[in-house]
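K.L.:
Have a look at the structure that comes next, please.
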Amino acid sequence: MSVREILVWPHPRLEAVCTPVEAVTDDIRTLAADMLDTMYAAPGRGLAAPQIGELLRMFVMDTTWKDGDRSPVVCINPDILDRSEERGSADEGCLSIPGVTATVVRPSSVRMVWTDLDGLVHDAWLTGFAALCVQHELDHLDGIVTLDRVDDAQRAAILAAYEGQP
């Protein structure tokens, strides 16, 4: 397929709430392939449709490919049904905010439901990095970026570093 341009914050499309995908069509399959090509080329572990300008509730991820074989996942109309009470913090990077990381506190595990490219519905508990990744990508579908998940002091420091980049 093809590698698409990744929008960079503060692009307004990154603040938009995305609309549900109505049906898994050939256009959606092509979009998913483009998103995977773009994610791998970036190189990232997750990419949401609004990051390439498509305001649809869809993201792709592959949390293990940098450690071995590729295991891509396409999540259409994902929704978190439950979250663990246990929280963990991690340094999150974002392909739309290149060169900076933010320490974000999130639930350590989540139960998510999504549809795949075959129209099959999945319902699974995700833990570890996969749980963090899906929460990050779902944020994109709701117009939220990592900067919206940190306190004012961390946001100011991140913005100073980000704006100081060439």
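K.L.:
Dipole of the chain, Cα-centred, from +1 at each Lys and Arg C-beta and -1 at each Asp and Glu C-beta, to the nearest 20 debye?
P.N.:
240 debye
K.L.:
Take the chain, mark every one of the GluC sites (Glu not before Pro) that falls in a DSSP loop and has at most 10 other Cβ within 10 Å, then report the longest stretch left between them, sites excluded.
P.N.:
The answer is 87-166.
K.L.:
Also, quick follow-up: Through the Karplus equation 6.51 cos²θ - 1.76 cosθ + 1.60, θ set to phi - 60°, convert the phi angles of region 26-40 into ³J(HN,Hα) values in whole Hz; use x for Gly and Pro.
P.N.:
4, 4, 5, 5, 5, 4, 4, 5, 4, 5, 5, 4, 5, 4, 5
K.L.:
Further question on the same structure: Nearest 5 percent is fine: what portion of the DSSP beta bridges confined to the chain is antiparallel?
P.N.:
Values: 27 of 28 bridges.
Antiparallel bridges make up about 95 percent of those DSSP assigns within the chain.
K.L.:
Under the rule of at least 5 residues apart or a separate chain, name every residue whose amide H is placed under 5 Å from the amide H of residue 4.
P.N.:
So residue 4 has HN proximity to 38.
K.L.:
Once label points are set 7 Å from the Cα along Cα→Cβ at both residue 163 and residue 70, what is their separation, rounded to one decimal in nm?
P.N.:
3.9 nm
Quick note: the coordinates plus some simple rules give every number you see, no bench work behind them. Model, not experiment: these values are computed from the prediction. Quick reminder, even Gly has a Cβ in these numbers, built from the backbone with ideal geometry, and neighbours come from all protein chains shown.
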